[in-house]
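Please treat every number below as a calculation from the coordinates, not as lab data. Bear in mind that the values here come from a model prediction, so they are computed numbers and not experimental data. Using ideal geometry, Cβ is built from the backbone for each residue, glycine included, and neighbour counts are taken over all protein chains shown.
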Amino acid sequence: MKWTNEQLKELKDNYDYYILHKEKAEDKFQRSWNTITSKASTSKITSFEKNKKCSMFLGCHVAERVLSHIFKDVQRMPNRNRGFDFICNRGFKIDVKASCLHKNNTYTFVTKYNKIADYFLLITFDGIETLNPQHIWLIKSNEIMNVYNRKLNEFNYLTITNTKYGLSKYSKYELTDKLQETIKCCDSLKRLRE
């Protein structure tokens, strides 16, 4: 039976889900799991852990993983947990957001009006290929973020300009000690992949 374009799109968009729910994949596509993974391989469909183009690669595979090693006594939530990624040792819910530097010299974090998390932990990288950490900010989700007196959790996204002035507005939230630890951790992960 030939694969349709709709089936291939479904497989590509939800491959990580099907990896965890093989029976549902077999039912959905009416094929064995070996046939499904073979088609994924020949179609260059990979899990987010290997696919740098996937938005989950930077957020889940890199940022959450690294930061779970940097912060002590945190409880990491399963992937795709609604509203937050960690619970710290003080019981606060923390949503981790990551961004690479964009061509327009900004970092963008999609916060999606998240009122579940108590804090946002924002980490920036120079680029998806090099993954060198640049900044880490920890900001309360109900922190007033602009002249209109809107809280961070009332925004769909937050953009930070990578200029001296733009970064200075966030200096009080910066975790420079954790940044150094993150750089060391990322360097170790890079050496393991070589």
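Sparse packing (at most 14 other Cβ atoms within 10 Å of the Cβ) combined with a DSSP loop state is found for the following trypsin sites (Lys or Arg not before Pro) in segment 114-194: Lys115, Arg150, Lys169.
The gain in end-to-end length when the Glu129 to Tyr148 segment is fully stretched comes to 3.2 nm, 0.36 nm per residue minus the alpha carbon separation. The antiparallel fraction among DSSP beta bridges confined to segment 55-193 stands at about 70%. A Förster radius of 45 Å, combined with the Cβ-Cβ distance separating Lys2 from Thr108, puts the computed FRET efficiency at roughly 0.70.
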